[in-house]
Amino acid sequence: MGPVSADLPVIDLASPDIAAATKSIRKALVDYGFLYVINHGIDDATMKSVYAESKKFFEQSMEEKMALEKNSSHRGYIRPDFEGFEADAGGKGDLLECFHIGSGKSQDVNQWPSAERFPSWKETMEKYYDCAMATSKKIMSLIALSLDLDAEFFQPDGSETILRPIHYSGNAMESKYGSDHGANAHTDYGMLTLLSTDGTPGLQICRDKDARPQLWEDVHHIQGALVVNIGDLLERWTNNVYRSTLHRVLMVGKERYSVAFFVWPSPDTMVTCIESCCSEANPPRSSSIIKIFDMFGYLSYLMLSKSDTFSDIRLLGVMNTWSRD
């Protein structure tokens, strides 16, 4: 039996009915951890420009792309087979290649392709970054309201949020890397992920990661919509009321382009179990070490608590971690 289709909710960010949108987003994050958003504020022209610039960059030779290989701040080009060594892929890495761009607001450690060859790259990526951040803030406000919090509770100002154009070559048989997984099964580390795709299928979710066999559901493309999911941080913040869902991208025999935007809270944010997510029937879950593995060279362990209760943590030293979509 092949994968079924995920019946994800669609949230209209332009809806004047905030109460209905808040109710819908809560149900989506309890049931799926994934949803679609429409009327998100990123216009078609900006979207097309990002894909055009991304395609132009990834069409270069490997030698040309590796000239902008990730730097010590983990910004720049990431080759295939560098990330995602998961057991379900036989210990092989992801087939995707990607490029990491941060905000650059306080200290621009980003790498940029040659302005002579790519005159619009930087401007295009920075514009998309700003638009995606504005969209993220709208979504995080709805999530906050759904948890009986102030609408501004989760605002990610000053965070090391990452924009990530991604390319899948399309034919695993021609690659010396990996398996048939463009991105192996994983959950995202952070708070929120926004994903735009070119419409090529391959994205799947597994709502019950402990089930055997696992049931994978296809996430279909909706023209003009973004796919949104939460990460491990927000799952823990909500005491596992909202779910960080296992997902992967399969190779389907054709090229696939996508643009991911990984949102973190500001680095000084104090994280503790949200009051509305805790009760006598659902007490704070025991804390354990969260391992956040940066595939660019850092192996970081985030110690939430040495006790049996969920304690406050300061999100320092974990801003350069992300995942794959």
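Scan segment 204-229 for residues that are open to solvent by 30 Å² or more (accessible area, probe 1.4 Å) and of a type outside the set (Gly, Ala, Ser) and report the count.
13
Report yes if some residue within segment 156-167 is modelled with pLDDT under 95, within 27 Å of Asp268 (Cβ to Cβ), more than 14 Å from the chain's Cα centre (by Cα) and open to solvent by 10 Å² or more (accessible area, probe 1.4 Å); otherwise report no.
yes
Do you know which residues across segment 179-197 are open to solvent by 10 Å² or more (accessible area, probe 1.4 Å) and modelled with pLDDT of 95 or more?
The one that is open to solvent by 10 Å² or more (accessible area, probe 1.4 Å) and modelled with pLDDT of 95 or more: Thr197.
Looking at (1) open to solvent by 30 Å² or more (accessible area, probe 1.4 Å); (2) part of a strand (DSSP E or B), can you tell me which one Tyr36 breaks?
Tallying (1) open to solvent by 30 Å² or more (accessible area, probe 1.4 Å); (2) part of a strand (DSSP E or B), Tyr36 fails exactly one: (1).
For segment 39-69, enumerate the residues that are crowded, with 20+ Cβ neighbours inside 10 Å and part of a loop (DSSP other than H, G, I, E, B).
His40, Ile42
Is there a residue being aliphatic (A, V, I, L, M), at pLDDT 90 or above and in a strand (DSSP E or B) anywhere in segment 279-290?
No: zero hits.
Among the residues of segment 233-252, write down those that are under 23 Å from Phe57 (Cβ atoms) and either out of contact with any strand residue (DSSP E or B) (no Cβ under 7 Å at 6 or more places or on another chain) or open to solvent by 20 Å² or more (accessible area, probe 1.4 Å) (or both).
Met251, Val252
Just to verify a result, which residue in segment 120-155, among those that are in contact (Cβ under 8 Å) with a residue 40 or more places away in the chain, farther than 15 Å from Val263 by Cβ and in a helix (DSSP H, G or I), is most open to solvent (accessible area, probe 1.4 Å)?
Lys127
Filter segment 122-171 for residues that are among the aliphatic types (A, V, I, L, M) and farther than 20 Å from Leu13 by Cα and give the result.
Met125, Ile162, Leu163, Ile166
With the requirement that a residue be in contact with a Ser or Thr (Cβ under 7 Å, 6 or more places away or on another chain) and open to solvent by 20 Å² or more (accessible area, probe 1.4 Å), what does segment 95-119 give you?
If the condition is that a residue be in contact with a Ser or Thr (Cβ under 7 Å, 6 or more places away or on another chain) and open to solvent by 20 Å² or more (accessible area, probe 1.4 Å), then Ser103, Val109 are the ones that fit.
Look at Ala52 and say whether it is of a type in the set (A, V, I, L, M) and either closer than 23 Å to Ser169 by Cβ or modelled with pLDDT under 85 (or both).
Considered against the rule, which asks whether it is of a type in the set (A, V, I, L, M) and either closer than 23 Å to Ser169 by Cβ or modelled with pLDDT under 85 (or both), Ala52 comes out as yes.
Name the residues in segment 103-152 that are under 22 Å from Tyr36 (Cα atoms) and among the β-branched types (Val, Ile, Thr), would you?
Within segment 103-152, Thr135, Ile139, Ile143 meet the criteria.
Given the conditions (1) open to solvent by less than 20 Å² (accessible area, probe 1.4 Å); (2) over 26 Å from Asp44 (Cα atoms); (3) touching a Phe, Trp or Tyr at 6+ places or on another chain (Cβ under 9 Å), report the number of the one that Arg256 does not fulfil.
With (1) open to solvent by less than 20 Å² (accessible area, probe 1.4 Å); (2) over 26 Å from Asp44 (Cα atoms); (3) touching a Phe, Trp or Tyr at 6+ places or on another chain (Cβ under 9 Å) applied to Arg256, the lone miss is (2).
So which residues in segment 12-29 are more than 18 Å from the chain's Cα centre (by Cα) and either within 25 Å of Trp216 (Cβ to Cβ) or in a strand (DSSP E or B) (or both), if there are any at all?
Once the filter is applied, which keeps residues that are more than 18 Å from the chain's Cα centre (by Cα) and either within 25 Å of Trp216 (Cβ to Cβ) or in a strand (DSSP E or B) (or both), segment 12-29 yields Asp12, Ser24, Arg26, Lys27.
Any idea which residue in segment 82-94 is modelled with the highest pLDDT, counting only those that are within 19 Å of the chain's Cα centre (by Cα) and open to solvent by 40 Å² or more (accessible area, probe 1.4 Å)?
Of everything passing the filter in segment 82-94, Phe82 is modelled with the highest pLDDT.
The values are calculated or read from the model by the stated rules, or taken from the named source; none is laboratory data. Quantities reported herein were computed from a predicted structural model and do not represent experimental measurements. Cβ atoms come from the backbone with ideal geometry, glycine included; neighbour counts cover every protein chain shown. Accessible surface areas use protein heavy atoms only, side chains included; no ligands, DNA or RNA. Shrake-Rupley method; radii C 1.70, N 1.55, O 1.52, S 1.80 Å.
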